[in-house]
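Enquirer: Below: one structure in structure tokens.
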Amino acid sequence: MLKFVVRRLLMLVPILIGLSALLFAWLRALPGGPAVALLGERATPESIARVEELYGLNEPWYVQYGRYLSNAVQFDFGNSTRTNRPVTEEMARTFPATFELALAALILAIGIGIPLGYLAARHYGRWLDNMSVTGSLLGVAIPVFFLAYILKYVFAVRLGWFPTQGRQDPRMDAEHPTGMYVLDGLLTGNLDASWDALMHLVLPALALGSIPLAIIVRITRASVLDVVHEDYVRTAEAKGLWERTITRRHVLRNALLPVVTVVGLQAGLLFSGAILTETVFAFDGVGRFVAEAISNRDYAVLQGFILVIAVLYVVINLLVDVSYGLIDPRVRVR
Amino acid sequence: MTNDPTRPLLAVRDLGVSFTRKGAPDVRAVDGVSFDVSPGQTVGLVGESGSGKSVTSLAVMGLLPRRNVRVDGRVIFDDDDLLTLPRERMRDIRGRDMAMVFQDPMTSLNPVVPIGVQVTEVIERHQQLSGDAADKAAAELLDRVGIPDPTRRLREYPHQLSGGMRQRALIAMALACRPRLLIADEPTTALDVTIQAQILELLKELVHDSGAALIMITHDLGVVAGLCDTVHVMYSGRVVEGAQRRELFARPRHPYTGGLLASVPRLDAARGTPLHPIPGSPTDVLAWPSGCAFAPRCHHRVDACTDGPPPLENIGGRSLRCVNPLPTTEEVPA
Ligand SMILES: Nc1ncnc2c1ncn2[C@@H]1O[C@H](COP(=O)(O)OP(=O)(O)OP(=O)(O)O)[C@@H](O)[C@H]1O
Ligand SMILES: [Mg+2]
């Protein structure tokens with residue numbers, strides 16, 4: 001198992017090299033070159049020359065690429081042109097927030113999705129099933145930002161059940177050793193701060209988790225419907241086992257295999273989904289930061305973001321494969 | 001439980017099963033099936049594909065789906081009518097008092113659960129054993145069904161076992177709680193010919209040793225010949241003939257039974273004796289209400305056959321559903 005994990009992590013190396021080459025080429029291919037991209041179309045020749053000098057853009061491409069690579073392996077992706085602070089630092093600042101949000105969304109999606117999908121299958125053709133099928137269709141069809149606005153308007157603005165924006169009440173005197181505010185509250189023994197951060201998470205997590213939730217419900221339902229007709233479930237019934245043993249050991253363990261794959265795919269997508277959600281809820285995470293980078297053409301930030309996403313994808317895929325192997329002995333690596 | 005040897009262990013009376021579907025006429029898969037199984041007796045249920053053998057056995061075990069299925073008649077086991085028993089009582093009986101071995105050992109075991117768990121779960125459910133005691137009992141069971149190195153096998157998964165070994169494991173699970181009735185639904189059809197004989201021999205031996213009654217379901221009269229005390233021949237959902245095995249083999253009265261016998265290779269026949277398959281296919285049936293379902297394929301047909309459903313008559317210890325039976329002198333019709 002360990003060998004398998006190491007081998008998969010090593011696969012990151014060629015992926016990252018390829019991706020960084022692509023990103024490098026992309027920045028050079030921008031209209032007018034990176035200097036114009038940085039300064040905008042109305043840049044004067046003098047300012048362009050200054051920038052090219054500053055970033056070494058007038059040197060041959062292989063020198064540039066070598067420097068770029070050696071910086072990249074030291075986690076140096078340059079400075080954000082907007083905040084003028086190192087991209088790595090900005091990422092480290094905003095990443096925990098998005099990680100916390102994505103985790104909350106995923107927990108919601110899995111915690112509601114799997115039981116609901118199971119119940120829908122068990123109530124096949126009855127109202128609960130019809131409700132879940134319709135609900136999951138809606139969940140996939142409604143654009144995330146629209147849902148985010150609706151949730152914010154109804155539950156925060158109108159009903160006032162949840163805060164409308166941010167990650168924590170600024171009056172809350174809280175320390176943030178990890179940057180994940182709910183965890184920070186627990187670590188520092190400030191439960192009020194934890195609770196407040198949790199309340200701030202609910203609506204954005206619902207909006208962000210809506211699509212994975214809908215998909216998990218549908219996959220779980222379809223998969224359970226398949227599995228309950230398997231011969232081995234009939235064998236289990238023929239043994240007179242308790243219903244809960246049959247459900248847990250014989251139905252769910254098999255039915256969850258396709259769900260694991262889907263959860264992995266959806267978990268990867270959460271980070272791009274966070275761009276919209278965080279903007280609507282003014283939630284200070286990577287997504288919001290990147291949204292601003294896009295409108296400001298902050299290429300250094302975008303490049304760092306894309307690399308981080310790529311690493312995340314590989315790690316998530318690895319987690320999926322490992323949990324798959326844990327559930328299914330047939331794919332377990334020997 | 002019962003000490004009266006003349007009282008049957010299982011009495012099936014007028015069993016009928018209909019599959020219902022919205023917007024389609026009901027499918028009457030089993031109709032008016034009656035037979036007895038005495039303690040320790042071996043009863044054969046024979047018929048071509050689609051004759052309702054599996055549906056009959058599933059109805060006896062209470063394993064038919066609950067939706068879109070209508071079951072009528074009575075299934076008396078230990079003075080209880082299993083068809084009206086509460087589901088939880090039925091769960092107590094299944095696996096403990098009556099057990100079943102299914103046709104396909106490749107799909108009848110849960111692929112993601114170790115063999116050991118699948119054996120011990122039935123022991124833990126019905127006997128006051130758990131932990132090491134259950135493991136020990138499981139290893140003894142595997143040993144008894146001829147699986148070498150049982151303690152290692154218990155830790156393995158189904159995909160690590162051959163088809164024959166899997167069927168042995170399934171037999172071990174079925175016999176784990178020493179049931180008084182075992183139903184084997186074509187337990188050898190999915191196996192290699194050489195393995196088939198071994199498994200049959202094993203079943204015969206185990207059933208004999210444990211004193212369990214056996215219902216052997218097969219389309220192969222050859223299997224029945226060396227095994228069963230009485231045989232019931234089914235056609236299109238009904239029993240068409242039932243008798244002591246010797247009686248039935250020596251003097252088949254229903255043309256369908258005669259046809260089945262003529263199509264089985266016999267060891268006592270001279271070499272080169274041609275086999276006579278029954279003409280037509282099992283799908284070529286008449287609906288029972290309008291006459292004998294076998295009439296379209298029957299060489300012994302008379303006009304009266306299609307006048308209406310022939311009644312099941314009892315003549316000298318033999319049940320027969322035929323208006324123009326074969327003469328008693330004829331042994332094997334041409
Ligand atoms: N779930 C179901 N829904 C509708 N019809 C069914 C269902 N299960 C069985 N049947 C019908 O019941 C009839 C009897 O099927 P059954 O499986 O008992 O046959 P069988 O004698 O066991 O045949 P085989 O030798 O192929 O196993 C078939 O004609 C089949 O079409
Ligand atoms: Mg069958």
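Enquirer: Restricting attention to region A:90-126, and to residues there that are at pLDDT 90 or above, hydrophobic (A, V, I, L, M, F, W, C) and surrounded by fewer than 19 Cβ atoms within 10 Å (Cβ to Cβ), which single residue is farthest from A:Gln168 (Cα to Cα)?
Expert: Result: A:Leu119.
Enquirer: Return yes or no: is B:Arg178 under 30 Å from B:Glu124 (Cβ atoms), open to solvent by 10 Å² or more (accessible area, probe 1.4 Å), among the charged types (D, E, K, R) and not in a helix (DSSP H, G or I)?
Expert: Yes, satisfied.
Enquirer: Shifting gears a bit: Only residues that are crowded, with 18+ Cβ neighbours inside 10 Å, among the hydrophobic types (A, V, I, L, M, F, W, C) and over 24 Å from the mean Cα position of the chain (by Cα): list them for region B:287-319, please.
Expert: Scanning region B:287-319 gives B:Ala295, B:Cys298, B:Cys305.
Enquirer: Scan region B:134-143 and give yes if some residue there is at pLDDT 90 or above, closer than 17 Å to B:Cys177 by Cα, in contact with a helix residue (DSSP H, G or I) (Cβ under 7 Å, 6 or more places away or on another chain) and facing another protein chain (nearest Cβ under 9 Å), otherwise no.
Expert: There is no residue in region B:134-143 that is at pLDDT 90 or above, closer than 17 Å to B:Cys177 by Cα, in contact with a helix residue (DSSP H, G or I) (Cβ under 7 Å, 6 or more places away or on another chain) and facing another protein chain (nearest Cβ under 9 Å).
Enquirer: What number of residues within region B:93-120 are over 28 Å from B:Lys53 (Cα atoms) and either open to solvent by 10 Å² or more (accessible area, probe 1.4 Å) or more than 7 Å from every other protein chain (Cβ to nearest Cβ) (or both)?
Expert: Residues that pass the stated criteria total 5.
Enquirer: Out of (1) acidic (Asp, Glu); (2) open to solvent by 20 Å² or more (accessible area, probe 1.4 Å); (3) assigned to a helix (DSSP H, G or I), the odd one out for A:Asp284 is which?
Expert: (3)
Enquirer: How many of the residues making up region A:223-247 are more than 12 Å from chain B (Cβ to nearest Cβ) and open to solvent by 50 Å² or more (accessible area, probe 1.4 Å)?
Expert: 1
Residues checked against (1) within 14 Å of chain A (Cβ to nearest Cβ); (2) away from ligand 2 (no atom under 16 Å from the Cβ); (3) of a type in the set (Ser, Thr, Tyr):
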| site | (1), (2), (3) |
| --- | --- |
| B:Asp14 | no, yes, no |
| B:Val17 | no, no, no |
| B:Ala29 | no, no, no |
| B:Gly32 | no, yes, no |
| B:Ser49 | no, no, yes |
| B:Arg70 | no, yes, no |
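Enquirer: Has region B:188-203 got any residue that is within 16 Å of ligand 2 (Cβ to nearest atom), modelled with pLDDT of 90 or more and within 12 Å of chain A (Cβ to nearest Cβ)?
Expert: no
Enquirer: May I ask you to list pairs of residues, at least six apart or on different chains, whose Cβ atoms are under 6 Å apart, with the first in region B:310-334 being on the phi > 0 side of the Ramachandran plot and the second being modelled with pLDDT of 80 or more and part of a loop (DSSP other than H, G, I, E, B)?
Expert: none
Enquirer: Let me ask something else about it. So which of B:His208, B:His159 ends up being more than 26 Å from B:His232 (Cα to Cα) and out of contact with any strand residue (DSSP E or B) (no Cβ under 8 Å at 6 or more places or on another chain)?
Expert: B:His159
Enquirer: Filter the strands (runs of 3 or more DSSP E) completely within region B:1-91 down to those with at least 2 residues that are hydrophobic (A, V, I, L, M, F, W, C), more than 14 Å from ligand 1 (Cβ to nearest atom) and out of contact with any Asp or Glu (no Cβ under 9 Å at 6 or more places or on another chain).
Expert: Counting at least 2 such residues, we get B:24-37.
Enquirer: Within region B:45-59, can one find any residue that is over 15 Å from B:Gly237 (Cα atoms), surrounded by fewer than 18 Cβ atoms within 10 Å (Cβ to Cβ) and at pLDDT below 95?
Expert: No - not one qualifying residue is present in region B:45-59.
Enquirer: So which pairs qualify, if the first residue must be in region B:185-197 and open to solvent by less than 60 Å² (accessible area, probe 1.4 Å), the second must be aromatic (Phe, Trp, Tyr) and within 11 Å of ligand 2 (Cβ to nearest atom), the Cβ gap must be under 9 Å, and the two must be at least 6 apart or on different chains?
Expert: As it stands, the answer is B:Asp185/B:Phe102; B:Glu186/B:Phe102; B:Pro187/B:Phe102, since those pairs meet every condition given.
The values are calculated or read from the model by the stated rules, or taken from the named source; none is laboratory data. All of these numbers come straight from a predicted model, not from anything done at the bench. Using ideal geometry, Cβ is built from the backbone for each residue, glycine included, and neighbour counts are taken over all protein chains shown. These area figures cover heavy atoms from the full protein model, side chains too; ligands, DNA and RNA do not enter into them. Shrake-Rupley method; radii C 1.70, N 1.55, O 1.52, S 1.80 Å.
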